[in-house]
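What follows is a single structure, written as structure tokens, with notes after it.
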Amino acid sequence: MKQDWWKEAVVYQVYPQSFCDTNHDGIGDFNGIRSKLDYLKELGVNLIWINPCYQSPMVDNGYDISDYYQVNPMFGTNEDLDALIQEAKEKGIGVLLDLVVNDCSDEHPWFQKAVQDPESEEADYFIFKTTEDGQPPNNWRSNFGGPAWTQVPDGRWYLHTFDKRQPDFNWENPDLREKLYNMVNWWLDKGIAGFRVDAITFIKKDLTFASVPTPDGSLYQIENYQNYPGIGEFLTELRDRTYGKRNAMTVAEAVGVSMDYFPDYAGENGYFSMIFDFNWYDMKGEADKSSKEAVHRWRQKMFDSQEQISSLGCWSGGVLESHDEPRGINKFLEPKDQSRTSAACLGTIYFFLPGTPFIYQGQELGMTNSVWNSIEDFKDVMVHNRYRECVENGGDTEALLQELREYSRDNGRTPIQWDNSEYAGFSDTEPWIPVNPNYPQINAAAQQGDPSSVLSYYKKLVALRRDPKWKEVFSEGKFIPQREAEDYLIAYRRVLEDKTAGIFCNFTGKAQTVRVSEEVEEILLNNCDNLEQEAGTLTMAPYQAVVLSLK
Ligand code: NOJ
Ligand code: CA
């Protein structure tokens, strides 16, 4: 197999709780994923990434792991997962698991031991500090709200970048690292295709643990401690001792890595096969996403980062959505513009960029944000921590609620809408999180045989990206953004030897005529009925997207 086989892959992200339930408990499971392998094969993807499915009290939906070697019984047994990996492989689909090694659950036996016995080996697997004044060791703020330190009964404080029930590991301890590497190899031995690596830029801490002054005396956002100097030694060792020895793919969630460090992380000899390019994955802060300024800014951000990543010889993963984000349709489109055509247009924009495209479950159906009436409807620990913090600080809870409706991660976590039966065919009992009420209109069954559906279009997107005639153009081809394009037009070329693919996306609800300097040889993909062409111009319908073979 080619060393960098993953450059031609298309990945589908499975959020297991919300994918498909087969044992009537309202929670998705491994057998549910198995039952949908043919659906995934038909979609055309060749890799799936499954979010954490290990033993966990599920405080942060499985990112709080209490046993790295046992799967969570709510998803099935270890044997069920083995069977899933095997069956997927037979169908030409590799499985990526989630690797979470910045922190674990407070229910992990190591942490329990560490709390009980300050002299134990395990106590040094975590970051404990004592203070004289009964105050936390410094002013760092957890990413999920509140101080990043929590006290145990004997008075020590431990550090947690995320929820207080997710203590951070002390990567300085070589025995801990050894144990983690053994675990990684144990999973690789099962024949998985690789890992998505969680929150990895947080593993190295500033060992002075000094407070960082903030202008208003508020807590210091720990996020600023990402990619701390010295992290490279840990990441090199992790790679060399585990996946680096195999032909595995790794994609890291490496937030806070600037272009200067991109090559270290995702260059030819980087720590990982790729890292996600998060530079353009939302339009936050845009008052009107449909304005030409907003579209222009978005286009710039996408072109800038993609051009830089390419020129640095690096590789990235492209995402519109994930389990940490609201739905793409809502993030990038104003309500008046949300339609099948605009959903297909969005898909086209990112699918042919350099890098490996990821599809988040339900994105291929054009699933949307859900309806949240009150704070109680939300499940996400981050939502509740932020709400509590807001109440404690006398903040505006109504405004926060409004923001959460739009931006909460729960929007992306509602069950997949398989059909129009009760609970959307996800389960025959009430799901752990409510189904989006629009399932009668948006569901896979209705879209399956409909050539104009979002699902049918995504099948074509994947097929073109993996088409033997074109896949190298999209993986190896030069990326040439059309920066001087008409307003609202997001256009770029991918060029390899004598082949040129031109991607033209009219990202607006208005028709417009755009210039094309080359001759159109063939329409490879089109999300509308026709394309009006005249010498040197294309007249594009609202949200029309086309991929053209150009001469
Ligand atoms: C990153 C994961 O993607 C996110 O879902 C989780 O909440 C944080 N890590 C903290 O565990
Ligand atoms: Ca189940």
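Just so you know, all these numbers are worked out from the coordinates, no wet-lab data involved. If you're wondering where the values come from, they're calculated on a predicted model, not measured in any experiment. FYI the Cβ positions are ideal-geometry reconstructions off the backbone, even for glycines, and counts take in every protein chain you see.
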| Diffusion coefficient, µm² s⁻¹, Stokes-Einstein with Kirkwood Rh over alpha-carbon pairs of segment 339-439 at 25 °C and 0.890 mPa s | 158
| query | Dividing the convex hull volume of the alpha carbon atoms of segment 169-299 by its residue count, what do you get in Å³ per residue? | reply | 154
| Between His24 and Ala287, what FRET efficiency comes out of the Förster formula 1/(1 + (r/R0)^6) with R0 = 45 Å and r the beta carbon distance, rounded to 0.05? | 0.50
| request: Would you mind calculating the gained length between Thr397 and Glu121 on full extension (0.36 nm times residue separation, minus the Cα-Cα distance), in nm to one decimal? | output: 95.0 nm
| remark: Cα-Cα longer than 19 Å, checked against Lys2/Lys36; Lys205/Lys301; Lys245/Lys478; Lys284/Lys510; Lys129/Lys204; Lys331/Lys460, kept in input order, equals Lys2/Lys36; Lys205/Lys301; Lys245/Lys478; Lys284/Lys510; Lys331/Lys460
| said: Rounded to the nearest 5, what % of DSSP beta bridges with both residues in the chain are antiparallel? | reply: 60
| said: With an 8 Å Cα cut-off and a minimum separation of 6 or more residues, compute the relative contact order for segment 250-329 in percent. | reply: 35
| remark: Quick numbers on segment 255-401, Rg and Dmax over C-alpha atoms in Å, give 17.5, 50
| task | Would you tally the net charge around Arg241, using a Cβ to Cβ cut-off of less than 15 Å, leaving Arg241 out, and scoring K and R as +1, D and E as -1? | result | -1
| message | Restricting to DSSP loop positions (anything but H, G, I, E, B) with no more than 15 other Cβ atoms inside 10 Å of their own Cβ, which trypsin sites (Lys or Arg not before Pro) remain in segment 81-137? | response | Lys91
| note | Helix-only [θ] at 222 nm, the chain, -39500 (n - 2.57) per DSSP H run of 4+, per residue, nearest 500, equals -8000 deg cm²/dmol
| remark: Taking every alpha carbon pair in segment 372-429 and sorting the distances into 5 angstrom bins from 0 up to the bin holding the longest one, the percent per bin comes out as 4, 18, 24, 17, 14, 10, 7, 4, 2
| query | Tally Lys and Arg at +1 and Asp and Glu at -1 over the other residues with C-beta under 14 Å from the C-beta of Gln221: what net charge comes out? | reply | -2
| query | Counting Lys and Arg as +1 and Asp and Glu as -1, what is the net charge of the other residues whose Cβ lies under 14 Å from the Cβ of Lys292? | reply | -3
| task | Please report the relative contact order for segment 1-55, taking Cα pairs under 8 Å with a sequence separation of at least 6, and give it as a percent rounded to a whole number. | result | 42
| remark: One computes Rg over Rh for segment 453-551 from alpha-carbon atoms, with the Kirkwood Rh, and obtains 0.94
| said: About the Cα centre, and with charges only on the beta carbon of Lys, Arg (+1) and Asp, Glu (-1), how big is the dipole of segment 197-312? Nearest 20 debye, please. | reply: 260
| task | Using only the Cα atoms of segment 287-331, build the gyration tensor, take square roots of its eigenvalues as a ≥ b ≥ c, and label the shape rounded, prolate or oblate: rounded if a/c is under 1.5, else prolate if a/b is larger than b/c, else oblate. | result | oblate
| Size of the chain along its principal axes in angstrom, Cα-based, largest extent first? | 78, 53, 50
| Rg and Dmax of segment 41-194, Cα atoms only, in Å | 17.9, 62
